[in-house]
1. Measuring from label point to label point, each 7 Å out along Cα→Cβ, what is the Glu314 to Ser326 span in nm?
2. Can you run phi through the Karplus equation (6.51, -1.76, 1.60; θ = phi - 60°) for region 66-71 and list ³J(HN,Hα) in whole Hz, with x for Gly and Pro?
3. Cα centroid distance between region 189-208 and region 49-88, in Å?
4. Taking θ = phi - 60°, what integer Hz values does the Karplus form 6.51 cos²θ - 1.76 cosθ + 1.60 yield along region 52-58, in sequence order, with x for Gly and Pro?
5. Pop out the ³J(HN,Hα) list for region 266-273 in order, Karplus 6.51 cos²θ - 1.76 cosθ + 1.60 with θ = phi - 60°, rounded to Hz; leave Gly and Pro as x.
6. Considering only the chain, what is the antiparallel percent among its DSSP beta bridges, to the nearest 5?
7. Going toward the positive end of the dipole of the chain, with +1 on Lys and Arg Cβ and -1 on Asp and Glu Cβ, which of Phe121, Val88, Ile301 do you reach last?
8. Around Ile281, which amide H atoms from residues at least 5 apart in sequence, or from another chain, sit under 5 Å from its own amide H, with H modelled in the peptide plane?
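The values are calculated or read from the model by the stated rules, or taken from the named source; none is laboratory data. Bear in mind that the values here come from a model prediction, so they are computed numbers and not experimental data. Cβ placement follows ideal geometry from the backbone for every residue including glycine, while neighbour counts extend to all protein chains displayed. For accessibility, only protein heavy atoms count, side chains too; no ligands or nucleic acids. Shrake-Rupley method; radii C 1.70, N 1.55, O 1.52, S 1.80 Å.
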Amino acid sequence: MKNILITGGAGFIGSHVVRRFVQNYPDYNIYNLDALTYAGNLENIKDIEDLPNYTFIKGDILDADFIDNLFDQHKFDGVLHLAAESHVDRSITDPLAFVKTNVIGTMNLLNAAKKLWNGNFENKLFYHISTDEVYGSLGESGLFTETTSYDPNSPYSASKAASDHFVRAYGETYGLPYVITNCSNNYGPNHFPEKLIPLFINNIIEKKPLPVYGDGNYTRDWLFVEDHAVAIDLVFHKGRNHETYNIGGFNEWKNIDLVKLLCTQMDSKLGRSAGESAKLITYVKDRPGHDLRYAIDASKINTELGWSPSVTFEQGLERTIDWYLSNEAWLKNVTSGNYQKYYEEQYKA
Ligand code: NAD
Ligand code: TYD
């Protein structure tokens, strides 16, 4: 048996990764460590919580002693590190929280792995899950490759960039085996409804305004979350030590075009007349330091590991909408409480 630690497994992407590993690898003991912040929700993985190779541990990666003890107790062979503060808008109002979790939290995990493995690195791996936002913003053309210089613009992307650098530094300085992946924007089931797609699905259901930042011409490269989980599985098992892989959807959308497609699909799902939801589109004040465009060149993971996305954006979006429409209890649960307070703060002006 291998003991694998997955951090942030109650969050959006982490929950899909935990499910995939628990179901596909019965010979791994999967330990899901999550602090259950506003973004963590155990309902995301309740379908697998009784499986014998799964253990949930509530805990904070900021608590270095706790992390050291956990590594000592369970003798992890591998770490998939997804726990993070992940929302750019929140990073603008509280940057320090991002430095703490994303930088210091990652350091605590690196130190614990280094201490436990103590130079015996055979069959050990520290896998750090990162974002394409570390590369900064593209103009109208070009793609991020694995050798694009880091140029982060938001406190979120700066904190993720710093954590990537520390992982690489532990690899070079102490020989720690690692891989890093930098992925584009994910979408799909269980996405917390303050990010663009789930927020707008929820607002369309409730006939509330759809707040498009600036002129809506910002561009993102969208990837269905289950395809990201497949890529993570491949990189964990077949990625080369001390390498970085970019992961993307080959799927660029201007925000306003994406929102219009979403409105069209939602009108048809909800039996509303064509054009009804698009009337909810409202242009609001822009995000400070808003990156114009992200786009990934995913040819390295494609050529080396044979990975490519399995669904088109239209298919993935339809599956996402269907999931939210048939999981209204999940949505209601999440949109009550803390989320509402955050929502009022964010959109008060
Ligand atoms: P998320 O915000 O949905 O989930 C983060 C999880 O981490 C939550 O369950 C939260 O409770 C947990 N967590 C936060 N702080 C913690 C702490 N101090 N200790 C322990 N657990 C803590 O995030 P996500 O969208 O699932 O992103 C997961 C990872 O993937 C992040 O590292 C993010 O940077 C990266 N990523 C996300 C995207 C995206 O589009 N969402 C794209 C590329 C990369
Ligand atoms: P988001 O889902 O926050 O992801 P990221 O900032 O990490 O790319 O936002 C995606 C895009 O949608 C981004 O250009 C900001 C924009 N956006 C809006 O226009 N309105 C909103 O209410 C939100 C949350 C995002």
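1. 2.1
2. 4, 5, 4, 5, 4, 5
3. Comparing the Cα centres of region 189-208 and region 49-88, I get a distance of 29 Å.
4. In residue order, the calculated couplings are x, 9, 10, 9, 9, 10, 7 Hz.
5. Per-residue couplings from phi come out as 5, 4, 5, 5, 8, x, 8, 6 Hz.
6. Just about 10 percent of them are antiparallel.
7. It is Val88.
8. Leu210
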